[in-house]
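A short write-up of the structure that comes next.
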Amino acid sequence: MAANLSPTLPDDGPPRHSVGLIGWLRRSLFSSPLNSLLTVLVAWLLLMAIPAMIEWLFVRANFSATTAAECRASGGACWAFIAEKHRLILFGVYPYDEQWRPLLASVVLVAVIVCSCLRRFWKPWLGLLWAAALTVVAILMWGGIFGLQYVENDRWGGLPLTLILATFGIAFAFPFGLMLALGRRSHMPAVKAICVVYIELIRGVPLISLLFMSSVMLPLFLPEGFSIDKLLRAQIAIIMFTAAYIAETVRGGLQAIPKGQYEGADSLGLSYWQQMRKIILPQALKVVIPPLVGIFISLFKDTSLVVIIGIFDLTQAAKTAVADAAWRGFSTEAYLFIGVIYFIFCYSISRYSQHLERHLQTGYQR
Amino acid sequence: MAEAIIRMENVNKWYGQFHVLRNINLDVSLGERIVVCGPSGSGKSTMIRCINRLEEHQQGRIIVDGTELTDDLKQIEAIRRDVGMVFQHFNLFPHLTVLENLTLGPVWVLKRPKAEAEADAMKYLERVRIKEQALKYPGQLSGGQQQRVAIARSLCMSPKIMLFDEPTSALDPEMVKEVLDVMVGLAEESHMTMLCVTHEMGFARKVADRVIFMDQGEIIEENTPDEFFDNPQSDRTKLFLSQILH
């Protein structure tokens with residue numbers, strides 16, 4: 001007789017009240033008296049808030065008014081204000097007839113960033129692509145050749161400026177931060193001391209004061225008649241600030257790498273830089289993707305602080321639009337509008353980092 | 001006997017105040033197979049790790065293949081190219097596939113063309129009987145498989161000397177044999193100079209030309225395996241053997 005290997009008891013499913021919708025409700029929303037109370041309370045709040053919000057945002061909103069008074073009369077959101085002012089908010093005081101140029105520049109910049117995120121573009125010619133894209137952006141923004149009117153960067157503003165500050169901020173702060181992190185772990189005392197002092201000094205100062213210093217103090221140290229552009233100074237301040245934070249985050253990743261990895265690399269005769277490049281940094285950076293992306297997102301939003309030294313970024317442009325006497329009182333709409341723009345970019349960065357984390361998973365559990 | 005490929009003269013090392021290596025004198029000739037054993041903390045791992053400068057000795061001289069180990073980084077890297085090492089915890093690179101682990105050294109250190117290095121790597125993977133895993137990541141392999149990959153990784157550098165630092169002590173019992181078989185094969189098929197820290201006495205009897213017993217940072221006794229196991233001289237050796245051969 002063949003051995004009977006099937007279970008002796010019949011195959012019943014799990015109890016009905018523990019699966020499906022009812023099971024989920026019991027587990028997640030009504031698992032205790034307190035949780036039931038909280039569920040009811042939150043449901044009541046949502047019922048109060050959501051209809052009112054929808055009514056203000058869409059139902060009673062005015063999309064087509066030509067004057068502020070007409071808009072105010074409808075009692076909802078005044079999207080006509082955004083329709084009227086969107087070019088000021090997006091492009092600042094860039095000459096009105098030339099605003100296709102910053103628009104195109106933004107598109108080029110976003111396109112090349114998206115390309116850099118896709119693995120199939122991770123080829124040596126990506127560097128060339130960037131060089132070409134940046135040249136195009138510079139030509140579009142400044143002009144002065146190909147019959148384009150010259151626009152000095154005092155008049156740049158809005159979204160392209162925010163994108164430029166963030167892109168260059170990340171592009172330069174990241175390698176600089178890596179070097180600082182490696183320097184801080186160096187066995188050479190001088191290198192280590194310089195990196196520690198730099199990191200601690202910068203981290204001890206708010207970005208706002210760095211921006212002030214770069215705009216007010218730096219010119220005092222430069223020789224007479226020699227000046228660095230205001231935008232460039234702000235950019236440098238952002239890079240210096242972010243690099244210090246990146247350095248500390250990356251250092252955390254470096255410390256998470258077991259000693260055995262260094263020894264394994266040593267035993268093959270790899271040089272210090274080969275070890276870092278091929279073995280240590282790829283693993284360390286993978287560990288710190290979440291905090292690193294957090295820093296990048298902060299940087300993107302912190303670019304709005306440049307308003308305090310009179311640079312016309314997206315936030316400052318919105319403030320200017322709100323200040324128009326003919327359209328007074330629509331600040332909610334203006335800030336919602338730029339809020340959505342900031343959110344789209346930051347959320348995309350966040351989603352991409354999650355994708356990257358999954359992609360780099362090699363099934364190694366330590 | 002051929003001339004010494006490794007020579008250690010009066011080597012001393014301290015961890016803080018703790019004297020880990022005391023007056024180590026050791027000559028290893030080309031092609032010789034040595035097993036180093038001794039109780040935990042006796043300095044045996046430290047001794048072989050000094051040979052490729054994973055640890056720094058503080059006194060005495062170590063000469064590997066005619067080159068003395070000093071602070072000169074170029075010399076250290078040159079010696080490491082000639083000395084392969086297999087670790088207790090494998091130390092494979094988890095973010096690279098098995099094949100990439102194997103070709104990293106040849107391509108970046110020996111500057112060999114990638115295709116050639118890969119062909120060579122496959123040859124060594126076949127030798128350690130693990131060719132079909134070439135495109136997996138180390139994390140997807142068992143401990144025994146990982147250690148065999150680690151051995152293949154060292155062999156890809158065509159080293160003159162192989163150091164084994166307790167290669168089987170982190171493995172589950174059923175995987176020890178597959179790794180030892182590879183090591184025995186390596187000893188029998190090639191004339192590789194091997195230094196192996198291990199407590200696998202069967203392996204020592206089968207392969208070793210000489211067994212070295214260390215205790216408290218000193219070399220207490222050295223002998224052929226048969227003499228060492230059947231006729232130990234010092235009391236410390238006898239005590240140690242009675243503890244491991246139960």
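Pairwise alpha-carbon distances in region B:7-71 exceed 14 Å for 56% of all pairs. Volume of the convex hull of region A:198-249 (Cα atoms only), normalised per residue: 73 Å³. Residue by residue, region A:268-278 carries 3J(HN,Hα) couplings of 8, x, 5, 6, 3, 5, 5, 4, 4, 6, 8 Hz when phi is fed to the Karplus relation 6.51 cos²θ - 1.76 cosθ + 1.60 (θ = phi - 60°); x denotes Gly or Pro.
Using the Cβ-Cβ distance between A:Arg60 and A:Ile145 with R0 set to 41 Å, the FRET efficiency works out to roughly 0.25. The Cα center of region B:90-168 and the Cα center of region A:31-87 differ in position by 62 Å. Per atom type, region A:201-286 shows carbon and sulfur on 68% of its accessible surface, probed at 1.4 Å. Pairs of Cα atoms nearer than 8 Å and 6+ residues apart set the relative contact order; for chain B it is 26 percent. For region B:52-207, what class follows from the C-alpha gyration tensor (a ≥ b ≥ c being the square roots of its eigenvalues): rounded when a/c is under 1.5, otherwise prolate if a/b is larger than b/c, else oblate? Because a/c hits 1.5 or more and a/b fails to exceed b/c, region B:52-207 counts as oblate.
With a Förster radius of 60 Å applied to the C-beta separation of A:Ser74 and A:Leu129, the computed FRET efficiency comes to 0.80. Each residue, A:Ile257 and A:Val110, gets one label point 7 Å from its Cα in the Cβ direction; the gap between the two is 3.7 nm. When chains B and A come together, the accessible area they lose, probed at 1.4 Å and totalled over both chains, is close to 2100 Å². Rg and Dmax, both from the Cα atoms of the protein assembly as shown and both in Å, are 33.8, 108. Taking Cβ atoms as reference points and 15 Å as the exclusive limit, the residues near A:Cys195 contribute a net charge of +3, counting Lys and Arg as +1 and Asp and Glu as -1. Amide hydrogen proximity for B:Arg33: with H placed 1.01 Å from N in the peptide plane, the residues at 5 or more positions away or on another chain lying under 5 Å are B:Met194, B:Asp209, B:Arg210. Here the gap between A:Ile228 and A:Leu37, fully extended at 0.36 nm per residue and compared with their Cα-Cα distance, gives a gain of 62.6 nm.
A cut-off under 15 angstrom between Cβ atoms defines the neighbours of A:Leu207, and their net charge, with Lys, Arg +1 and Asp, Glu -1, is +1. Taking a span of 15 Å or more along the helix axis (Cα atoms) and a mean Kyte-Doolittle hydropathy of at least 0.0 as the rule, the DSSP H helices of chain A that qualify are A:33-54, A:79-91, A:100-117, A:126-142, A:158-184, A:189-203, A:230-255, A:289-302, A:331-359. Taking 4.7 Å between C-beta atoms as the pairing limit, chain A has these partnerless cysteines: A:Cys115, A:Cys117, A:Cys195, A:Cys346.
Of the three principal axes defined by the Cα atoms of region B:1-139, the extents in descending order read 46, 31, 30 Å. Annotation: per residue accessible area for region B:161-246 equals 46 Å², rounded to a whole number [probe 1.4 Å, protein chains only]. Measuring spread by the Cα atoms of region A:59-217 yields a radius of gyration and Dmax of 22.0, 70 Å.
Its Cα gyration tensor gives region A:251-350 an equivalent ellipsoid, and the semi-axes of that ellipsoid, as √(5λ) in whole Å with the largest first, are 47, 13, 8. Tally Lys/Arg at +1 and Asp/Glu at -1 over every other residue whose Cβ is under 15 Å from the Cβ of A:Glu248; what's the total? Around A:Glu248, the charge tally is +4. Among the listed pairs B:Lys114/B:Lys160; A:Lys259/B:Lys206; B:Lys74/B:Lys131; B:Lys44/B:Lys114; B:Lys114/B:Lys177; B:Lys44/B:Lys131, those whose Cα-Cα separation exceeds 28 Å are A:Lys259/B:Lys206; B:Lys74/B:Lys131; B:Lys44/B:Lys114; B:Lys114/B:Lys177; B:Lys44/B:Lys131.
When the alpha-carbon atoms of region A:1-65 are used, the pair Rg, Dmax equals 24.4, 88 angstrom. Run the quick spin-label model on A:Leu25 and A:Thr67: label points 7 Å from Cα toward the beta carbon, then report their separation in nm to one decimal. Reported label-point gap for A:Leu25 and A:Thr67 is 5.4 nm.
Classification of region A:194-299 by its C-alpha gyration tensor yields a prolate form. The axis ratio a/c (a ≥ b ≥ c) is 1.5 or more, and a/b outweighs b/c. Solvent-accessible area assigned to carbon and sulfur over chain B amounts to 47 percent, based on a 1.4 Å probe.
Once Rg and the Kirkwood radius are both taken over the C-alpha atoms of chain A, their ratio Rg/Rh works out to 1.09. Taking region A:260-278 and a reference point 7 angstrom along Cα→Cβ of B:Tyr15, the backbone N atoms nearer than 19 Å belong to A:260-264.
Counted residue by residue at 0.36 nm each, then reduced by the alpha carbon distance between them, the extension gain from A:Ala323 to A:Trp273 reaches 12.6 nm.
The values are calculated or read from the model by the stated rules, or taken from the named source; none is laboratory data. All of these numbers come straight from a predicted model, not from anything done at the bench. Every residue, glycine among them, receives a Cβ derived from its backbone with ideal geometry; neighbour counts consider all protein chains shown. Only protein heavy atoms, including side chains, enter the accessible area calculation; ligands, DNA and RNA are left aside. Shrake-Rupley method; radii C 1.70, N 1.55, O 1.52, S 1.80 Å.
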